[in-house]
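Read-outs throughout are calculated quantities, based only on the coordinates presented, and are distinct from any laboratory measurement. Note that this is a predicted model, so its numbers are computed, not measured. Backbone-built Cβ (ideal geometry, glycine too); neighbour counts: all protein chains shown.
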Amino acid sequence: QVQLVESGGGLVQAGGSLTLSCEGSGRTFSGYIMGWFRQAPGNEREFVAATWSAVYYGDSVEGRFTISRDNAKNTVYLQMNSLKPEDTAVYYCAAARTSPSDFRSGYGVSYWGKGTLVTVSS
């Protein structure tokens, strides 16, 4: 069974930092673009970051978040700095064999994690 399992969510004060991890199992993801989306209550799903041969960021997190991956561990990370209350959301890991532009739109995603909640208090 192929799975993506997120961890590292929690409660943090504004200005703080948090690191999310997403570990894949059941297959090798080295040939996949992997990344993160988030969804806040009442909002649509939003692209956060992705990594493959390059890294890509959503406009709202550029300069504050850093994505990285360890193919040997089948794991992708999201280092989140200078967190703001508007970063509060459920963060989902995703993997796909598609173009970065399609991935940003959520098209062609083969696997989704169940999500981890990040809450940023003001």
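The table that follows gives values for the structure above.
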read-out: Test for PHE29: is it aromatic (Phe, Trp, Tyr), part of a loop (DSSP other than H, G, I, E, B) and in contact (Cβ under 8 Å) with a residue 60 or more places away in the chain; value: yes
read-out: Yes/no for THR28 being within 18 Å of SER110 (Cβ to Cβ) and hydroxyl-bearing (Ser, Thr, Tyr); value: yes
read-out: Close pairs from segment 57-81: first closer than 19 Å to VAL118 by Cα and in contact (Cβ under 8 Å) with a residue 60 or more places away in the chain, partner assigned to a loop (DSSP other than H, G, I, E, B) and among the polar types (S, T, N, Q), Cβ under 9 Å, at least 6 apart; value: GLN79/SER17; MET80/SER17; ASN81/SER17
read-out: Residues being loosely packed, with under 13 Cβ neighbours inside 10 Å, outside any strand (DSSP E or B) and touching a Phe, Trp or Tyr at 6+ places or on another chain (Cβ under 9 Å) - total across segment 32-76; value: 1
